[in-house]
Structures are given as structure tokens and as C-alpha cells.
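Please treat every number below as a calculation from the coordinates, not as lab data. On a predicted model such as this, the values are computed, not experimentally measured, just so you know. Neighbour counts run over all protein chains shown; Cβ positions are idealised from the backbone, glycine included.
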Amino acid sequence: MLKKEPVRQYVRERLSLGRFLHSLRTAETAVELLLHFGSVGDDSRRVNNYLIDRETLNRVEIAGLAHDMARELSPGLIRTIAGYDDIPVLSEEEINPILLHGRAAAVLMKQEWGVKDEVLLQAVRWHTTGEVGMGKLGMLLLLADYLEPGRQHIDENFRSRVLGRGELTDMMMVVLEDQCEYNTKKGRKISERTESLITALREDRCAVVQTG
């Protein structure tokens with residue numbers, strides 16, 4: 001299993017200080033969210049009636065640290081790297097390749113570290129737009145990325161409102177709707193993947209947790 005320290009060192013060397021600190025905060029927030037749903041034992045954590053062992057905690061931290069590892073590459077390079085995953089590129093992703101930085105990061109994790117853990121890769125791959133079937137780790141990462149305390153476009157009242165929801169899927173709905181509103185105000189097109197995920201959550205709240 002990949003350990004977090006080499007990942008931390010890798011992103012520290014390749015990201016700006018601000019992006020690196022965001023990655024640290026995202027990892028910390030992802031762990032906090034994990035623990036928000038359960039109690040702490042001596043050697044494991046119980047979350048939604050599942051025992052969360054140290055390997056799972058390590059996976060959550062790595063997801064947070066690695067999720068933006070491709071974010072500061074040029075848009076053209078992001079597009080090229082993301083293309084290696086053989087997943088169709090949507091029109092809005094062609095126009096704005098930055099949307100592909102999660103996919104590019106997942107490709108780099110395979111290339112740089114030989115990661116084969118599809119749950120981890122999927123979480124990193126879809127942290128920007130979300131995706132139907134993204135899994136519990138994917139939801140934790142997307143939420144942590146949006147809620148980490150360095151984010152300036154949301155306040156503590158919003159964070160408290162999200163954390164006050166009892167289920168991950170309920171928290172996702174609040175965050176995705178806020179994300180859509182924010183991007184609409186900025187004149188940005190909402191990703192087709194985000195729209196599909198919102199529809200799936202409204203119609204079938206199990207759809208988002210098919211894996212992971």
C-alpha cells in the first residue's frame with residue numbers, strides 16, 4: 001500500500017505553497033469527515049457500522065494529498081495526460097481542460113507510483129465534477145475539497161449546515177447545489193457529470209455509492 005509521506009513530498013515539490021497547503025487541509029478535512037460518521041476505537045475507527053482500519057485512513061489521507069497533483073500543469077498537458085484513461089472527454093472538458101485535472105492526477109498516480117487501487121483512483125479522478133457511482137471515498141474527497149477551512153467562498157454557517165446532515169448523500173446534495181449556483185454566477189457551464197450525479201442522488205441515493 002502506498003504510504004502518505006512519499007505522496008506528501010511529491011506534491012510539496014511540484015505544487016505552489018498555496019496549493020500544497022490546500023492539499024494538506026483537504027486531507028485533514030477528509031479524515032475529519034470520516035470520523036464525523038463514527039466513533040474512535042483503539043486500533044480502528046467505526047464508521048456507519050464498518051470498522052475503518054489504519055489502511056483505510058491512509059487511503060483517505062493519500063486521496064486528499066494527491067487530488068490536485070496535476071492542477072498546476074498547463075491545460076494542454078492536463079488534457080493529454082487525462083486522455084490516457086480512455087474515458088470520453090465531454091464538450092465542457094474540451095473547452096476547459098482544468099476540469100480534467102482529477103483524471104490527470106489519477107493517471108499520474110498509476111504512472112508515478114503504480115497505484116492499482118481503483119477505489120482510490122476513482123475518488124481522485126472524480127473529485128472535481130463528481131460522477132455517478134463514485135463511491136464513499138469519492139464523496140468524502142469531494143466534500144473535503146469543498147469544505148476545507150481555507151475556502152473563501154463559503155462560511156462557517158454553510159459548513160455547519162452541511163455537517164448537520166445525517167448522511168453523506170445529503171451532504172453531497174447541499175454541496176453540489178451550492179457548487180452549481182457558484183459556477184452559474186461565475187458564468188461557467190455546469191458539467192454534464194455533475195448534473196447526472198445530482199439527478200441520480202435525487203432519484204436513487206444508492207447510485208453514488210456503488211463502489212468504495
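Computed quantities for the displayed model
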{"quantity": "Vicinal HN-Hα couplings computed from phi for the range 168-177 (Karplus, 6.51 cos²θ - 1.76 cosθ + 1.60; Hz; Gly/Pro x)", "calculated": "4, 5, 5, 4, 4, 4, 4, 5, 5, 5"}
{"quantity": "Net length gained if the chain between Asn58 and Gln111 were fully extended (0.36 nm per residue, minus Cα distance)", "calculated": "17.1 nm"}
{"quantity": "Whole-angstrom Cα spans of the chain along principal axes, big to small", "calculated": "47, 37, 31"}
{"quantity": "For Trp126, Trp113, order by how many other beta-carbon atoms lie within 10 Å, fewest first", "calculated": "Trp113, Trp126"}
{"quantity": "Listed residues Ser196, Ser23, Ser91, most fluctuating in the chain (Gaussian network, C-alpha, under 10 Å)", "calculated": "Ser91"}
{"quantity": "Residues in the range 83-102 that a label on Val132 would reach, taking backbone N under 19 Å of a point 7 Å out along Cα→Cβ", "calculated": "87-93"}
{"quantity": "Rounded to the nearest 20 debye, dipole of the range 4-209 from Cβ charges on Lys, Arg, Asp, Glu", "calculated": "340 debye"}
{"quantity": "Cα lying deepest toward the dipole's positive end in the range 4-209, options Ala200, Leu143, Leu65, charges on Cβ", "calculated": "Leu65"}
{"quantity": "Choice from Lys185, Lys110, Lys136 showing the highest fluctuation, given a GNM over the chain with Cα pairs closer than 10 Å", "calculated": "Lys185"}
